[in-house]
Amino acid sequence: MFLAKDGYERPAWHIAAERGQLELFNKLWEVANNVLTPEELNNMFLAKDKFRRTAWHMAEINGQLEVLHKQWDWAKELLTRDKLCKILLPRDIAERTAWQLAAERSHLELFNKLWELANKVLTPEELNNMFLAKYVKIGTDSRGVK
């Protein structure tokens with residue numbers, strides 16, 4: 001159930017994050033935390049859809065700050081520093097991090113929160129990589145070609 005995916009390869013976790021369905025998101029976590037192995041929970045946090053977006057990206061897309069907070073709180077309890085970095089640093093198919101999506105969509109509160117969280121976990125070099133990650137404009141492929 002938790003690992004089943006829709007046509008875009010999104011599990012329910014991604015969809016609830018994107019839509020900001022906090023009650024569903026909380027219930028999914030509650031049940032997943034009781035039935036999935038630690039490795040499966042890890043995979044749930046790091047799962048990517050066909051556009052290489054994680055639930056972290058999905059929460060950012062529609063400015064779901066409360067969902068982002070929940071994901072972070074749960075991830076901190078479960079994941080190692082290296083795995084937390086994998087939540088903060090993955091790039092979507094257009095090579096954008098969630099932090100870049102927040103900037104692109106003018107989600108200032110999310111942008112600031114992502115920066116705050118990143119500063120707690122990432123090294124200066126990793127922060128530079130997040131900040132300087134390749135940016136591709138909407139309407140282009142991952143190489144920047146229309």
Output the DSSP H helices from the chain with an along-axis C-alpha extent of no less than 18 Å and a mean Kyte-Doolittle hydropathy no less than 0.0.
-> 22-35, 108-121
Quickly rank 55-63, 90-98 as a protection proxy: mean count of other C-beta atoms within 10 Å, highest first.
-> 55-63, 90-98
Let me have the 222 nm mean residue ellipticity of the chain computed from DSSP H runs of 4+ only, each contributing -39500 (n - 2.57), with the sum over all residues rounded to the nearest 500.
-> -18000 deg cm²/dmol
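Pulled fully out, how much extra length does the chain show between Leu22 and Ala4, if you take 0.36 nm times their separation in residues and subtract their Cα-Cα distance?
Contour length minus Cα-Cα distance gives 4.5 nm.
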What does the highest-first list of 67-77, 29-39 look like by mean Cβ count within 10 Å?
-> 67-77, 29-39
Cross-link list Lys48/Lys120; Lys27/Lys120; Lys5/Lys48; Lys76/Lys113: which exceed 18 angstrom alpha carbon to alpha carbon?
-> Lys48/Lys120; Lys27/Lys120
Looking at the stretch 1-69, which trypsin sites (Lys or Arg not before Pro) are DSSP coil and have at most 14 other C-beta atoms within 10 Å of their C-beta?
-> Lys50
What whole number of Å gives the distance from the Cα centroid of the stretch 40-73 to the Cα centroid of the stretch 96-111?
-> 14
Label-point separation (nm) for Leu78 and Arg105, each offset 7 Å from Cα along Cα-to-Cβ?
-> 2.1
Under a point spin-label approximation (7 Å from Cα along Cα-to-Cβ), what is the Glu126-Leu36 distance to one decimal in nm?
-> 2.1
Give the long-range amide H neighbours of Lys5: residues separated by 5 or more places, or on another chain, with amide H under 5 Å away, using H modelled in the peptide plane at 1.01 Å from N.
-> none
For the chain, treating each Cα as an identical point scatterer without solvent, what Debye log10 I(q)/I(0) comes out at q = 0.11 1/Å?
-> -0.38
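Every number here is computed from the coordinates shown, using simple stated rules; none is lab data. Just so it is clear, the model here is predicted, and its values are computed rather than measured. With ideal geometry, Cβ positions are generated from the backbone for all residues, glycine too; neighbour counts draw on all protein chains shown.
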